[in-house]
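This report refers to the structure that appears directly beneath it.
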Amino acid sequence: MAASDSFYLTTPIFYVNDVPHIGHAYTEVAADVLTRWHRQSGDDTWLLTGTDEHGQKILRTAVANDTTPKEWADKLVHDAWLPLLETINIRNDDFIRTTDERHEKGVLIFLQKLYDDGYIYSGEYEGYYCVGCEEYKQLDDLMETEDGDFAGQKLCKIHTRPVEVLKERNYFFRMSDFQDRLLDLYETNPQFIQPESVRNEIIQFVKQGLSDLSVSRSSFDWGIKIPWDESHVLYVWFDALLNYATAIGYGVDQEQFDRRWPATHLVGKDIARFHAVIWPAMLMAAGIEVPRQVFGHGWLLVGGEKMSKSKLTGIAPSQITETFGVDAFRYYFMSAISFGQDGSFSWEDLSARYQAELANGFGNLASRVVAMVTRYYDGVLPAPADYSDADLAIQATVAKATVNADAAINSLAIHEAISAIWTIVEELNGYITIQEPWVLAKQDETRERLGTVLYTASEGLRALAVLLSPVIPEATGKLWAALGASGALDDQPVRDAGRWGQLEPGAGVAPLEPLFPRIEEVPA
Ligand code: MSP
């Protein structure tokens with residue numbers, strides 16, 4: 001398979017110190033929508049997600065809970081992180097844990113190579129460390145307050161908690177050697193970091209100068225042991241970033257690696273720097289091609305601040321899916337927020353969009369058309385006769401929406417893809433109001449016209465089912481079944497959705513329950 005047909009997408013691997021909130025689910029859904037789109041287009045697609053289980057943060061959480069870090073990680077993975085994927089309907093191809101043997105194996109190979117090639121040396125370091133970020137901080141990254149529990153202490157700006165002063169003999173990665181090559185990469189390949197705001201920030205950061213990176217710790221032992229010095233464990237970010245390579249067989253299965261690599265990395269903008277600076281430098285040192293792209297999406301905000309568990313603003317995804325359903329969750333976050341920008345969540349906004357867009361806009365359209373075919377044609381899809389200009393306009397809308405949505409997905413503009421597809425919903429609703437099939441149904445002379453109108457509307461729904469299936473797989477599955485379309489919905493190539501006339505006249509159309517039922521009580 002040609003490399004251009006391969007689409008390997010990754011999410012960050014999540015810390016298992018706590019349970020997921022809708023911010024984590026947001027990244028997962030975006031990754032899932034993109035990969036479902038590619039998979040359904042016939043591209044050789046792979047979606048990787050997983051968990052980040054080493055380091056001081058997890059160790060401390062385990063100790064605070066009177067358990068070992070491995071037991072704690074096992075519990076969180078099985079009770080919280082794997083169930084999350086079910087809750088929001090993620091179709092991942094793999095799930096990697098940094099405690100997997102396959103991961104450790106690949107990491108050791110990689111480290112040894114860097115060490116043998118002279119990219120790692122032993123040195124002394126003293127600095128401020130934030131355990132929440134698992135990162136050494138510069139003074140610019142810190143703040144101080146005059147009141148509260150932490151008065152007079154240096155706090156991490158992200159976590160607003162005190163940093164710790166660490167002084168250790170460590171191993172260092174020669175990251176500073178890669179400053180020019182990184183800047184050159186950002187310059188010659190503007191797509192490498194997206195969106196533009198994240199790209200600019202990273203270029204600024206690297207231009208200020210890169211230091212070498214401390215990549216080992218000896219004050220605790222929860223991590224992968226450094227192969228040439230077992231009194232040290234590997235720095236958790238160095239360990240975690242390597243998951244993208246070890247999961248596809250780095251050092252062990254070259255064929256699989258070559259088939260998948262290079263990856264597109266979807267991350268929150270908070271961790272874009274690790275992915276767009278440290279990670280490509282590591283790959284350059286090891287002589288591996290850099291990733292195809294690092295995309296840093298925006299944050300879900302609550303009260304203007306990044307939603308986070310440590311600030312007690314986290315909302316569990318199940319709180320939303322239990323009331324609105326999984327499709328509504330997926331649709332809402334993908335359509336309401338421009339992908340790449342920050343966005344605020346509110347129950348009122350979710351509720352209003354559910355009602356206006358999903359229930360009244362799309363769901364009602366689907367129910368009405370299917371009900372009319374059932375009522376006027378006994379559930380047998382009529383054949384179209386001559387197409388009028390209005391019918392041809394619908395065909396053109398469907399064709400254009402397909403092309404525009406595919407282009408938007410290719411630039412990771414998921415919200416634009418949905419709005420391109422939504423032009424079909426809007427045009428079809430207008431078409432039905434103007435064509436008045438219920439009036440055409442009253443006389444025999446207009447029976448042929450009625451057939452054309454209902455075939456046109458059904459074909460529009462067929463295209464909508466295919467195009468929306470990556471976003472709202474449950475509802476579109478029901479619609480697909482009701483339309484009596486042949487083949488599995490998952491097998492319908494999205495890029496071909498705009499080709500008119502795929503429904504067979506004579507197919508059996510079955511009644512459809514409301515796809516988005518009325519919600520009686522909305523949580524506050
Ligand atoms: N373990 C590291 C990532 C290692 S990747 C090699 C980590 N984990 S995390 O559990 O803190 O997850 C961070 C990611 O969760 C963010 O990059 C983002 O994808 C997602 N989000 C967490 N909070 C979020 C919001 N409030 N809004 C949007 N995304 C959020 O960092």
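The values are calculated or read from the model by the stated rules, or taken from the named source; none is laboratory data. Everything quoted here is computed from the prediction, not taken from an experiment. Cβ: placed from backbone, ideal geometry, glycine included. Neighbour counts: every protein chain shown. Note: areas computed on protein heavy atoms with side chains; ligands, DNA, RNA excluded. Shrake-Rupley method; radii C 1.70, N 1.55, O 1.52, S 1.80 Å.
So for the stretch 322-343 (the condition being within 16 Å of the ligand (Cβ to nearest atom), within 21 Å of the chain's Cα centre (by Cα), at negative phi and at pLDDT below 95), does at least one residue qualify? No. For GLY152, state whether it is out of contact with any Cys (no Cβ under 9 Å at 6 or more places or on another chain), small (Gly, Ala, Ser) and open to solvent by less than 20 Å² (accessible area, probe 1.4 Å). It is false that GLY152 is out of contact with any Cys (no Cβ under 9 Å at 6 or more places or on another chain), small (Gly, Ala, Ser) and open to solvent by less than 20 Å² (accessible area, probe 1.4 Å).
In the set (1) open to solvent by less than 20 Å² (accessible area, probe 1.4 Å); (2) within 22 Å of ILE202 (Cβ to Cβ); (3) out of contact with any Leu (no Cβ under 8 Å at 6 or more places or on another chain); (4) touching a residue at least 60 places away in the same chain (Cβ under 8 Å), PRO280 fails one condition alone, (3).
Count of the stretch 163-221 residues, restricted to those that are β-branched (Val, Ile, Thr), touching a residue at least 24 places away in the same chain (Cβ under 8 Å) and assigned to a helix (DSSP H, G or I), is 3. Against the test of being open to solvent by less than 10 Å² (accessible area, probe 1.4 Å) and either within 12 Å of the chain's Cα centre (by Cα) or more than 9 Å from the ligand (Cβ to nearest atom) (or both), the options VAL19, VAL33 yield a single qualifying residue, VAL33. Listed here are the helices (runs of 4 or more DSSP H) enclosed by the stretch 319-415 that have at least 3 residues being open to solvent by less than 10 Å² (accessible area, probe 1.4 Å): 326-336, 364-377, 389-410.
Among the residues making up the stretch 428-449, those that are without any contact (Cβ under 8 Å) to a residue 60 or more places away in the chain and in a helix (DSSP H, G or I) are GLY430, TYR431, THR433, ILE434, GLN435, VAL439, LEU440, ASP444, GLU445, THR446, ARG447.
Every residue, every condition in (1) of a type in the set (A, V, I, L, M, F, W, C); (2) buried (at least 19 other Cβ atoms within 10 Å of the Cβ); (3) at pLDDT 95 or above; (4) out of contact with any helix residue (DSSP H, G or I) (no Cβ under 8 Å at 6 or more places or on another chain), yes or no:
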residue	(1), (2), (3), (4)
PRO470	no, yes, yes, no
SER486	no, no, no, yes
TRP500	yes, yes, yes, no
LEU503	yes, yes, yes, no
PHE516	yes, yes, yes, no
GLU521	no, no, no, no
ALA524	yes, no, no, no
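Against the conditions (1) more than 15 Å from the ligand (Cβ to nearest atom); (2) out of contact with any Asp or Glu (no Cβ under 8 Å at 6 or more places or on another chain); (3) among the charged types (D, E, K, R), ASP100 satisfies every one except (1).
Screening the candidates ASP406, ASP391, ASP378 for the property of being touching a Ser or Thr at 6+ places or on another chain (Cβ under 7 Å) and of a type in the set (D, E, K, R) yields one hit, ASP391.
Can you confirm whether the stretch 224-236 contains a residue that is more than 27 Å from ARG60 (Cβ to Cβ) and either in contact (Cβ under 8 Å) with a residue 24 or more places away in the chain or among the charged types (D, E, K, R) (or both)? Yes, some residue in the stretch 224-236 is more than 27 Å from ARG60 (Cβ to Cβ) and either in contact (Cβ under 8 Å) with a residue 24 or more places away in the chain or among the charged types (D, E, K, R) (or both).
Of the residues in the stretch 87-96, at least one is in a strand (DSSP E or B), among the β-branched types (Val, Ile, Thr) and modelled with pLDDT of 95 or more. Just one of the listed residues (THR27, THR87) is under 27 Å from ILE418 (Cβ atoms), open to solvent by 40 Å² or more (accessible area, probe 1.4 Å) and of a type in the set (Val, Ile, Thr), namely THR87.
Each row is one residue, and each column tells you yes or no for (1) in contact with a helix residue (DSSP H, G or I) (Cβ under 9 Å, 6 or more places away or on another chain); (2) within 15 Å of the ligand (Cβ to nearest atom); (3) open to solvent by 10 Å² or more (accessible area, probe 1.4 Å); (4) more than 30 Å from ALA463 (Cα to Cα).
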residue	(1), (2), (3), (4)
TYR15	yes, yes, yes, yes
GLN40	yes, no, yes, no
LEU47	yes, yes, no, no
ASP52	yes, yes, no, yes
LYS57	yes, yes, yes, yes
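MET307 meets the conditions (1) out of contact with any Lys or Arg (no Cβ under 7 Å at 6 or more places or on another chain); (2) under 29 Å from ILE109 (Cα atoms); (3) within 14 Å of the ligand (Cβ to nearest atom) in every case but one. The failed one is (2).
Within the option set THR452, THR456, THR423, being at pLDDT 95 or above, under 30 Å from the mean Cα position of the chain (by Cα) and in a helix (DSSP H, G or I) holds for one residue only, THR423.
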